1. Going through LEU9, LEU69, LEU56 one at a time, which residue ends up being hydrophobic (A, V, I, L, M, F, W, C) and out of contact with any Phe, Trp or Tyr (no Cβ under 8 Å at 6 or more places or on another chain)?
2. Suppose we filter ALA121, ALA84 for residues that are touching a residue at least 60 places away in the same chain (Cβ under 8 Å) and out of contact with any helix residue (DSSP H, G or I) (no Cβ under 9 Å at 6 or more places or on another chain); which single one remains?
3. Just a yes or no: is a residue in segment 38-60 touching a residue at least 60 places away in the same chain (Cβ under 8 Å), out of contact with any Leu (no Cβ under 9 Å at 6 or more places or on another chain) and open to solvent by less than 60 Å² (accessible area, probe 1.4 Å)?
4. Looking at ILE119, ILE108 in this structure, which one is open to solvent by 30 Å² or more (accessible area, probe 1.4 Å) and on the phi < 0 side of the Ramachandran plot?
5. Give, as residue ranges, the helices (runs of 4 or more DSSP H) completely inside segment 1-108 that count at least 3 residues that are more than 17 Å from the chain's Cα centre (by Cα).
6. I'm told THR18 meets every condition in (1) at pLDDT below 90; (2) surrounded by 15 or more Cβ atoms within 10 Å (Cβ to Cβ); (3) closer than 21 Å to TYR2 by Cβ except one. Can you identify the failing condition by its number?
7. Identify all residues within segment 101-140 that are β-branched (Val, Ile, Thr) and over 16 Å from ASP77 (Cα atoms); write none if there are none.
Amino acid sequence: MYYVNARWLGGMMTNFKTMRTRIDRLNQLKAMQTDGTFDMLPKKEVIKHMGEIEKLEKYLGGVKEMKKLPGALFIVDTRKERNAIAEAHRLGIPVVAIADTNCDPDEIDYPIPGNDDAIRAIRLISSVMANAMIEGRQGEQNEEPEAETTADAE
């Protein structure tokens, strides 16, 4: 499951190719850090690269493994994440969101009535969503071997 817990960067889904180049840059910098290239660079340049790694990790760390667009979006605060909802609608991606009294439920495909300000409510709803996603993934894995065994029987 991919996540964005800082700020939604505009064009994260509609401009997916450019976002992938930034993730490739993050991977390149991390590779430079592990293979010892930073040891040969001047201290000032290393500090600059470390700052770039921190910034990219903050904004793209949760989506760095994402190779294709998601099948759905789960959003906690719809007022704060208007850009994400607009991009999802533009691409035809369904939006599941916690709908508080101060947001418009018409722009949400699957609203979940709840308080999007209380940490306990957010933790409860997001844990139920995560467990449902994990359970769904396990169902997908169980279906694949069954399909193979029926094909072998024929």
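The values are calculated or read from the model by the stated rules, or taken from the named source; none is laboratory data. These numbers were taken from a predicted model, which means no experiment stands behind them. Counting neighbours? That spans all protein chains shown, and the Cβs are built from the backbone with ideal geometry, glycine included. In case anyone asks, the SASA skips ligands and DNA or RNA and just uses the protein heavy atoms, side chains included. Shrake-Rupley method; radii C 1.70, N 1.55, O 1.52, S 1.80 Å.
1. On the way: LEU9 fails: out of contact with any Phe, Trp or Tyr (no Cβ under 8 Å at 6 or more places or on another chain); LEU69 fails: out of contact with any Phe, Trp or Tyr (no Cβ under 8 Å at 6 or more places or on another chain).
After ruling out the rest, the residue left standing is LEU56.
2. Values: ALA121 fails: touching a residue at least 60 places away in the same chain (Cβ under 8 Å).
The match here is ALA84.
3. As a first pass, look at segment 38-60 and keep what is touching a residue at least 60 places away in the same chain (Cβ under 8 Å): none.
There is no residue in segment 38-60 that is touching a residue at least 60 places away in the same chain (Cβ under 8 Å), out of contact with any Leu (no Cβ under 9 Å at 6 or more places or on another chain) and open to solvent by less than 60 Å² (accessible area, probe 1.4 Å).
4. On the way: ILE108 fails: open to solvent by 30 Å² or more (accessible area, probe 1.4 Å).
None of the others qualify; the one that does is ILE119.
5. Working: elements: 16-34, 37-40, 43-60, 82-91.
Counting at least 3 such residues, we get 16-34, 37-40, 43-60.
6. (2)
7. First pass over segment 101-140, keeping only residues β-branched (Val, Ile, Thr): 101, 108, 112, 119, 122, 125, 128, 134.
Matches in segment 101-140: VAL128, ILE134.
Yes/no per residue for (1) surrounded by 13 or more Cβ atoms within 10 Å (Cβ to Cβ); (2) under 19 Å from ALA6 (Cα atoms):
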position	(1), (2)
PHE74	yes, yes
THR78	yes, yes
ASN83	yes, yes
HIS89	yes, no
ILE93	yes, no
ILE98	yes, yes
ASP104	no, no
ASN115	yes, no
ASN131	no, no
